[in-house]
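Asks: Here's a structure for you.
The values are calculated or read from the model by the stated rules, or taken from the named source; none is laboratory data. Since the model is a prediction, treat every value here as computed from it, not as a measurement. Heads up, the Cβs are rebuilt from the backbone with ideal geometry, glycines too, and the neighbour counts pull from every protein chain shown. The area values use the complete protein model at the heavy-atom level, side chains included, leaving out ligands, DNA and RNA. Shrake-Rupley method; radii C 1.70, N 1.55, O 1.52, S 1.80 Å.
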Number of protein chains: 6
Amino acid sequence: MADSRFGMVEPGELPEDLRERIGRIAEKSGFVPNIFRALGHRPAELRAFLDYHDALMDRADGLSKAERELVVVATSGANHCVYCVVAHGAILRIRSKDAQLADRVATNPWQVELDERARAIIDLALALTRRPELFGEDDIAAARAAGLSDDEIWDVGAITALFAMSNRLAHLTALQPNPEFYTMARIQRQ
Amino acid sequence: MADSRFGMVEPGELPEDLRERIGRIAEKSGFVPNIFRALGHRPAELRAFLDYHDALMDRADGLSKAERELVVVATSGANHCVYCVVAHGAILRIRSKDAQLADRVATNPWQVELDERARAIIDLALALTRRPELFGEDDIAAARAAGLSDDEIWDVGAITALFAMSNRLAHLTALQPNPEFYTMARIQRQ
Amino acid sequence: MADSRFGMVEPGELPEDLRERIGRIAEKSGFVPNIFRALGHRPAELRAFLDYHDALMDRADGLSKAERELVVVATSGANHCVYCVVAHGAILRIRSKDAQLADRVATNPWQVELDERARAIIDLALALTRRPELFGEDDIAAARAAGLSDDEIWDVGAITALFAMSNRLAHLTALQPNPEFYTMARIQRQ
Amino acid sequence: MADSRFGMVEPGELPEDLRERIGRIAEKSGFVPNIFRALGHRPAELRAFLDYHDALMDRADGLSKAERELVVVATSGANHCVYCVVAHGAILRIRSKDAQLADRVATNPWQVELDERARAIIDLALALTRRPELFGEDDIAAARAAGLSDDEIWDVGAITALFAMSNRLAHLTALQPNPEFYTMARIQRQ
Amino acid sequence: MADSRFGMVEPGELPEDLRERIGRIAEKSGFVPNIFRALGHRPAELRAFLDYHDALMDRADGLSKAERELVVVATSGANHCVYCVVAHGAILRIRSKDAQLADRVATNPWQVELDERARAIIDLALALTRRPELFGEDDIAAARAAGLSDDEIWDVGAITALFAMSNRLAHLTALQPNPEFYTMARIQRQ
Amino acid sequence: MADSRFGMVEPGELPEDLRERIGRIAEKSGFVPNIFRALGHRPAELRAFLDYHDALMDRADGLSKAERELVVVATSGANHCVYCVVAHGAILRIRSKDAQLADRVATNPWQVELDERARAIIDLALALTRRPELFGEDDIAAARAAGLSDDEIWDVGAITALFAMSNRLAHLTALQPNPEFYTMARIQRQ
């Protein structure tokens, strides 16, 4: 089984800015996540992908880091994206300090039991994920009623939109998760 | 009816690089497309959006300009995105020099009559648009059988993915098309 | 691309009553709408179709003319019927004196922003269009709560039913819109 | 439980032509089928409905009478229309001289075991019933491959379209079958 | 047409306990329901099937016998299972002493008119039948609001689950109803 | 978060045969799987459930143990059942000696890359899982073409049917996986 349908580009083959950028990620993670090797065929697209990702996932205001990953895992579960569920499931385990949440959210985001705020976040994401034509004022109103600010609503919606793209890039390339992601943070520290 | 659910940012309020970039688009079109005013709340996201868009839509190799817009209109039609259908419908009329194609593709991308290559392009896009978990080797094989190269297949898939995001940003913001888009290139020059 | 999968019958080939009836329509429109040429193969069916259409679309009581076309465009959009969306989109532009409404309703009838009465009309139509087995007392009650009378509810339901048929006849015959429909009433008179 | 959501009109209250026409049906059946009493509120619509019905269901050429009812029961089953399934199930039992076929077709038209011609007829009808936007050349080609003529294909498609309307009128009016229909022709004569 | 895709096992070929058990059923009904002959290939599975069936369908507490069959017919209708609809339709006619209810429930369980308790029972069953991932506290709350006890809710849910299995065994084996089921209890005794 | 919506029954509270039977499972696993505690409210149902489970999952002939779990994980993934995916995912990791397969199958059973036999097994299971009314001869023929015997086809179908039930019992009871299942066999022995 290949890691990607269209082959991989190793960091050393990338333009310098991307080589350094991916290098920093690899140093931190201990490995190069396969998504970067798969998108490396198109440096301009990879660069924009990274910029968009960082603008939304590393943003200081709005949702917490764990909440951002919650949106990613919920929408990736609803889209049945193996790479995104396994890779971001690992990150959600780290960010949420909860070893079981990611598997539960990815398997059934619609009914996983959560506190009111987290449920409102996921409901908003799901409303936009599979049948976006039905998204409307009722969804916005429900999010506001649960206490989400408009800035937080934008975060949820924009992350959902970003992973609507990212999930499809993974489906397009038949992207496989790095083996490391499957086992990261499986044991919860008490 | 507001043009966007979360208000608009005028070009003059944007960071200089974006102000200039949007300015060039406005000069060429005669108006500022509403998507840029709606995304202006988040300059870093707008910048990444523009970079991603240009990397895919202005690319020299692979699909023709008209074929790229065909993918956009088909996927936006399948996602029932008013802004994207009206705005990119106008661009498709211009690029394809066909005043009727866009309305036909947007209304029923699954069965609009097209030549074999265009049909293969849209079929590939549609396979990734609504039920991406079913996308697989059969779809790739059908595209190759119709003569698409792997580089062209990537183009189709990546544009579909980009507009999976873009459609959802428009749904999120309840974005309205500029009035100009409705009437552009409606009369076919013979 | 043929205008219809099973060929066309010209008005001159029709029985006299239909020839005169289609003639009057052609005189008013300036052309013979393709639906009449496509259904001309079966004069008895065409005659019943015209009678049903006139009984519902030219009725004096109940919904306004513009509201009737709103139902047609919403249901035809939800059914992805190219002929009906383009032809009745043109008529809706004329009847509503709104050059943009038809494109917005056809693209996303579920969420297009409308006043309360128009929203109630479309919601009722949509409830019957795609999953009629779920139609029930809740839909009737919502329509009544928005002020629709039972006579108006019948109008909405019966027009939706008529175009459930009409949309499928267009799909059956792969019917193409006359070129004139694409451009009619695109420029809004102020 | 009322027989219809909007009340009934008795034959005696109808215009003379309809009173006579319904009278002849009642004489033949032994009772007035409820659909006529429910549509009687709108004589012009009832008249067009009867004309359309007779043009398609009593046509001498093309499909046999039993095949026409097979299309009606299959499409009504797929649309979960109680009135149409029970009433036309009875007629199918009579026309096909098969006491079990109607229940089997109505319950699962997609997989009921049939000879090749009947299967092709139902497949064509089903392709147009629930997701008409996907109907296309492949469906026509499959029907032709099974030996259906274009005239027969039109019959199947047009009857499916007529009952797309008729099913929805029954859903709109919450129409109940006459008790007689449930038991007609249940015992197969050998 | 065979009665089952994988052939039948006659009672005489079964282990003694099953032969006696099926014998008692046959004595009561006047015939051996085909499901037992089809599952007879695997005596251990047939035995567990009968045990599960009896534990739920012959239980003294909770739902009435007629209500249990109502759940079976509703879920089998929603799953388009010919064997289950025809066989349990017959049993529902007997248990409910209503000759028309079964046909109405099987054809459109979502909207068939029922008293509040029966409607709540069917709504709960349907929520679990087709999209079980959406089943949740709202469904439980609605059932409780209609007066169902937790013991009755378990009955509804467990019978729905049992027939999710049973329906699929019938689809797997292309099981045909015994002719007797079609006509049983069609005439309502007054 | 409760482990089950209707509370739990501890093994000590069960009839003796079930207490011993669950005891043997607990001894082997090191813990009592929550499904048995949740179903313990109804000993007769639990007993039949265990009998059915053992008849199919411990059967000597036909599919291998790993293949049986593959069917369970695929169908439970398609049904979004958290308990079944997590618990049987663990068992599949053990049976298949593959630490990653279960997560991949559960997340996207439709497109996970597998050898031809495993793909045929899952395709057959999926055909029966979500839209069983479409299951038919084509599905059987595809399985046979991939080399499955009728006995193996029955295994796949019957396990799919059993977990159609089991998944719904877990949804009904909002069943939570035991913490042990999340981490079992995560590290692949080389």
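Asks: Is it true that E:ALA87 is assigned to a helix (DSSP H, G or I), within 20 Å of D:VAL105 (Cα to Cα) and either more than 14 Å from chain F (Cβ to nearest Cβ) or among the charged types (D, E, K, R) (or both)? Reasoning before the result, please.
Replies: On the way: assigned to a helix (DSSP H, G or I): yes; within 20 Å of D:VAL105 (Cα to Cα): yes; either more than 14 Å from chain F (Cβ to nearest Cβ) or among the charged types (D, E, K, R) (or both): yes.
Answer is yes for this residue.
Asks: Considering only residues that are out of contact with any Asp or Glu (no Cβ under 9 Å at 6 or more places or on another chain) and free of Cβ contacts under 8 Å to residues at least 40 places away in the same chain, look in the range E:114-129 and name the one that is farthest from the other protein chains (Cβ to nearest Cβ).
Replies: The first filter runs over the range E:114-129 and keeps only residues out of contact with any Asp or Glu (no Cβ under 9 Å at 6 or more places or on another chain), leaving E:114-116, E:120, E:122, E:125-126, E:129.
Now drop any that are not free of Cβ contacts under 8 Å to residues at least 40 places away in the same chain, which leaves E:114-116, E:120.
Values: E:LEU114: 9, E:ASP115: 10, E:GLU116: 13, E:ALA120: 15 Å.
Across the range E:114-129, the extreme among qualifying residues is E:ALA120.
Okay, residues lined up against (1) out of contact with any Pro (no Cβ under 8 Å at 6 or more places or on another chain); (2) open to solvent by 10 Å² or more (accessible area, probe 1.4 Å); (3) touching a residue at least 24 places away in the same chain (Cβ under 8 Å):
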site	(1), (2), (3)
E:MET8	yes, yes, yes
E:ASP54	yes, yes, no
E:ALA60	yes, yes, no
E:VAL72	yes, no, yes
E:CYS84	yes, no, yes
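Asks: Here is a follow-up. Across the range A:133-146, what is the number of residues that are more than 20 Å from B:ARG131 (Cα to Cα) and facing another protein chain (nearest Cβ under 9 Å)?
Replies: Going residue by residue through the range A:133-146, those that are more than 20 Å from B:ARG131 (Cα to Cα) are A:136-146.
Cutting the leftovers down to facing another protein chain (nearest Cβ under 9 Å) gives us A:136-137, A:140.
Residues meeting the conditions: 3.
Asks: Output the residue which, of all residues in the range D:52-67 that are assigned to a helix (DSSP H, G or I), more than 8 Å from every other protein chain (Cβ to nearest Cβ) and within 11 Å of D:ASP155 (Cβ to Cβ), is farthest from the chain's Cα centre (by Cα).
Replies: If we take residues in the range D:52-67 being assigned to a helix (DSSP H, G or I), more than 8 Å from every other protein chain (Cβ to nearest Cβ) and within 11 Å of D:ASP155 (Cβ to Cβ), then D:GLU67 is farthest from the chain's Cα centre (by Cα).
Asks: Then there's this: Give the range D:140-182 a look and list any residue that's among the β-branched types (Val, Ile, Thr) and either free of Cβ contacts under 8 Å to residues at least 40 places away in the same chain or open to solvent by 50 Å² or more (accessible area, probe 1.4 Å) (or both), or say none. Reasoning before the result, please.
Replies: Restricting attention to the range D:140-182, the residues satisfying the condition of being among the β-branched types (Val, Ile, Thr) are D:140, D:153, D:156, D:159-160, D:173.
The answer is D:ILE140, D:ILE153.
Asks: To continue, here is another question. With the condition kept exactly as written, say whether any residue in the range C:102-111 is charged (D, E, K, R) and under 21 Å from C:ASP54 (Cβ atoms). First the steps, then the outcome.
Replies: Within the range C:102-111, the subset charged (D, E, K, R) is C:103-104.
Okay, now just the ones that are also under 21 Å from C:ASP54 (Cβ atoms), so none.
Checked against the condition, which is being charged (D, E, K, R) and under 21 Å from C:ASP54 (Cβ atoms), the range C:102-111 yields no hits at all.
Asks: Could you tell me how many of the residues in the range F:94-107 are at the interface with another protein chain (Cβ under 10 Å from one of its Cβ atoms) and either of a type in the set (D, E, K, R) or surrounded by fewer than 24 Cβ atoms within 10 Å (Cβ to Cβ) (or both)?
Replies: Number satisfying all stated conditions: 4.
For every residue, the table says whether it meets (1) more than 11 Å from chain E (Cβ to nearest Cβ); (2) within 19 Å of F:HIS171 (Cβ to Cβ); (3) not aliphatic (A, V, I, L, M).
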residue: F:ARG47; (1), (2), (3): no, no, yes
residue: F:LEU50; (1), (2), (3): no, no, no
residue: F:ALA78; (1), (2), (3): no, yes, no
residue: F:ARG131; (1), (2), (3): no, yes, yes
residue: F:LEU148; (1), (2), (3): yes, no, no
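Asks: Here is a list of conditions, (1) assigned to a helix (DSSP H, G or I); (2) open to solvent by 50 Å² or more (accessible area, probe 1.4 Å); (3) of a type outside the set (Val, Ile, Thr); (4) under 24 Å from E:HIS171 (Cβ atoms), and E:ASP3 meets all of them except one; can you say which number that is?
Replies: (1)
Asks: Next question. Considering each residue of the range C:177-190, count those that are at pLDDT below 95 and facing another protein chain (nearest Cβ under 9 Å), and give that number.
Replies: As a first pass, look at the range C:177-190 and keep what is at pLDDT below 95: C:187-190.
Within this subset, residues satisfying the condition of being facing another protein chain (nearest Cβ under 9 Å) are C:187-188.
Summing the residues that are at pLDDT below 95 and facing another protein chain (nearest Cβ under 9 Å) in the range C:177-190 gives 2.
Asks: Looking at the structure I just gave you, is D:ARG47 in contact with a helix residue (DSSP H, G or I) (Cβ under 8 Å, 6 or more places away or on another chain), part of a helix (DSSP H, G or I), in contact (Cβ under 8 Å) with a residue 12 or more places away in the chain and open to solvent by 50 Å² or more (accessible area, probe 1.4 Å)? Before you say what the answer is, go through the steps one by one.
Replies: Details: in contact with a helix residue (DSSP H, G or I) (Cβ under 8 Å, 6 or more places away or on another chain): yes; part of a helix (DSSP H, G or I): yes; in contact (Cβ under 8 Å) with a residue 12 or more places away in the chain: yes; open to solvent by 50 Å² or more (accessible area, probe 1.4 Å): yes.
Yes; evaluated as a whole, the condition is true for this residue.
Asks: Restricting to the range F:1-31, name every residue that is among the β-branched types (Val, Ile, Thr) and under 30 Å from A:ARG119 (Cα atoms).
Replies: Taking the range F:1-31 as the starting set, the residues that turn out to be among the β-branched types (Val, Ile, Thr) are F:9, F:22, F:25.
F:VAL9 - this is the single residue of the range F:1-31 that is among the β-branched types (Val, Ile, Thr) and under 30 Å from A:ARG119 (Cα atoms).
Asks: Output yes when any residue across the range B:140-159 is on the phi > 0 side of the Ramachandran plot and not charged (D, E, K, R), and no when none is. Steps first, answer last, please.
Replies: If we filter the range B:140-159 for residues that are on the phi > 0 side of the Ramachandran plot, which is where we start, we get B:147.
With the extra rule that they be not charged (D, E, K, R), the set shrinks to B:147.
Among the residues of the range B:140-159, at least one is on the phi > 0 side of the Ramachandran plot and not charged (D, E, K, R), which makes the answer yes.
Asks: Further, regarding this structure: Looking at C:ALA158, C:ALA170, C:ALA174, which one is in contact with a Cys (Cβ under 6 Å, 6 or more places away or on another chain), within 14 Å of chain D (Cβ to nearest Cβ) and not polar (S, T, N, Q)? Step through it out loud before you land on a result.
Replies: Details: C:ALA158 fails: in contact with a Cys (Cβ under 6 Å, 6 or more places away or on another chain); C:ALA174 fails: in contact with a Cys (Cβ under 6 Å, 6 or more places away or on another chain).
Of C:ALA158, C:ALA170, C:ALA174, the one residue that is in contact with a Cys (Cβ under 6 Å, 6 or more places away or on another chain), within 14 Å of chain D (Cβ to nearest Cβ) and not polar (S, T, N, Q) is C:ALA170.
Asks: Which of the residues that make up the range B:24-34 are touching a residue at least 12 places away in the same chain (Cβ under 8 Å) and exposed (fewer than 14 other Cβ atoms within 10 Å of the Cβ)? First the steps, then the outcome.
Replies: Of the range B:24-34, the ones touching a residue at least 12 places away in the same chain (Cβ under 8 Å) are B:26, B:29-34.
B:GLY30, B:PHE31 - these are the residues of the range B:24-34 that are touching a residue at least 12 places away in the same chain (Cβ under 8 Å) and exposed (fewer than 14 other Cβ atoms within 10 Å of the Cβ).
Here is a yes/no grid of residues against (1) hydroxyl-bearing (Ser, Thr, Tyr); (2) within 29 Å of F:VAL86 (Cβ to Cβ); (3) under 12 Å from the mean Cα position of the chain (by Cα); (4) open to solvent by 50 Å² or more (accessible area, probe 1.4 Å):
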| site | (1), (2), (3), (4) |
| --- | --- |
| A:LEU18 | no, no, no, no |
| A:ILE22 | no, no, no, no |
| A:PHE36 | no, no, no, no |
| A:PRO43 | no, no, no, no |
| A:ALA90 | no, yes, yes, no |
| A:GLU116 | no, yes, no, yes |
